[in-house]
Amino acid sequence: MVCSVYYKEIKRKIKEVFPNTEKVINISEFYQKVVFKKYHEHLLQENDLYRFACNGKHTALSKWFHYFEIYDKYFKKFRNTDVIMYEIGVCKGGSMQMWQDYFGKNATIIGIDINDECHKYEKENIHIEIGSQDDRNFWKYFKEKYPRIDILLDDGGHTMEQQIITYESMFTHISDGGIYLCEDCHTSYWEKYNGGYKKDGTFIEYSKNWIDVVNENYIEGYQMKPGYNKIEKIIYYNK
């Protein structure tokens, strides 16, 4: 809800950002293009991912602004290496191009999507696999084809089943020192994604068990499943 006292200022700002259109934008787009730009953009001026996303020389790319700083914090150690990165959710292909630019010519980027048309975004060192992330048989095939994963980024369908099945199928396949990153965890609180606050079976509630994995050595008489004890740390961010 927008309070009417701010209506004229908001309308003026929208016209400033979109001078040649009467289009209606949703609140997230307004935040990204107006509010963030005014108050937070200076924080990302030295971020190569942010600069790439803003240069317009790529196909459509949709990421929350605060993701760029998080990406760079954890992914920068892989830059200019032969890193193998997988992202679930290709959409219009822009993020595939962003990762290739960020990691460099020796990186391999593999996108996963349910839409067969995403094959058109393939190019040198960018590969596309078609399959559903809630299909355990797909992940079995995938692991046989790709024996190494350094980074897995889940930006897929965001449902509880999809996020949990992907984790259970793929986490133990991550290289030592690698990163598993799941985006849009806020859907764990949304009914339309089968979520709810403290609801059993959400990805957030499921992931809270990983705290025990990190502290396995202090749990008397308990041994974690092989492969799951490789969690070094767990970090949560907004969204």
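Values for this structure:
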{"read-out": "Candidate set from the stretch 75-109 (those that are of a type in the set (D, E, K, R) and in contact (Cβ under 8 Å) with a residue 40 or more places away in the chain); member that is nearest to Phe52 (Cα to Cα)", "value": "Asp101"}
{"read-out": "Which listed residue is at pLDDT 90 or above and of a type in the set (Ser, Thr, Tyr), from Tyr218, Tyr222, Tyr228, Tyr236", "value": "Tyr236"}
{"read-out": "In the stretch 86-122, residue most open to solvent (accessible area, probe 1.4 Å) [restricted to those that are under 15 Å from Gly156 (Cα atoms) and among the aliphatic types (A, V, I, L, M)]", "value": "Ile114"}
{"read-out": "Residue match in the stretch 123-139 (condition: in contact with a His (Cβ under 8 Å, 6 or more places away or on another chain) and crowded, with 18+ Cβ neighbours inside 10 Å)", "value": "yes"}
{"read-out": "Residue pairs meeting the criteria (Cβ under 6 Å; at least 6 apart or on separate chains; first under 19 Å from Asp72 (Cα atoms), in the stretch 167-191; second open to solvent by 40 Å² or more (accessible area, probe 1.4 Å) and assigned to a helix (DSSP H, G or I))", "value": "Ile179/Tyr74"}
{"read-out": "Single condition Asn194 does not satisfy, out of (1) modelled with pLDDT of 95 or more; (2) in contact with a helix residue (DSSP H, G or I) (Cβ under 8 Å, 6 or more places away or on another chain)", "value": "(1)"}
{"read-out": "Test: residue in the stretch 59-79 that is of a type in the set (Phe, Trp, Tyr), under 24 Å from the mean Cα position of the chain (by Cα), at pLDDT below 80 and open to solvent by 90 Å² or more (accessible area, probe 1.4 Å)", "value": "no"}
{"read-out": "Exclusive hit being in contact with a strand residue (DSSP E or B) (Cβ under 6 Å, 6 or more places away or on another chain) and either among the acidic types (Asp, Glu) or open to solvent by less than 70 Å² (accessible area, probe 1.4 Å) (or both), set Ile151, Ile204", "value": "Ile151"}
{"read-out": "Scan of the stretch 106-133 for residues that are within 26 Å of Lys77 (Cα to Cα), in a loop (DSSP other than H, G, I, E, B) and modelled with pLDDT of 95 or more, ordered by number", "value": "Asn106, Ala107"}
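The values are calculated or read from the model by the stated rules, or taken from the named source; none is laboratory data. This is a predicted model, so every value here is computed, not measured. Quick reminder, even Gly has a Cβ in these numbers, built from the backbone with ideal geometry, and neighbours come from all protein chains shown. Only protein heavy atoms, including side chains, enter the accessible area calculation; ligands, DNA and RNA are left aside. Shrake-Rupley method; radii C 1.70, N 1.55, O 1.52, S 1.80 Å.
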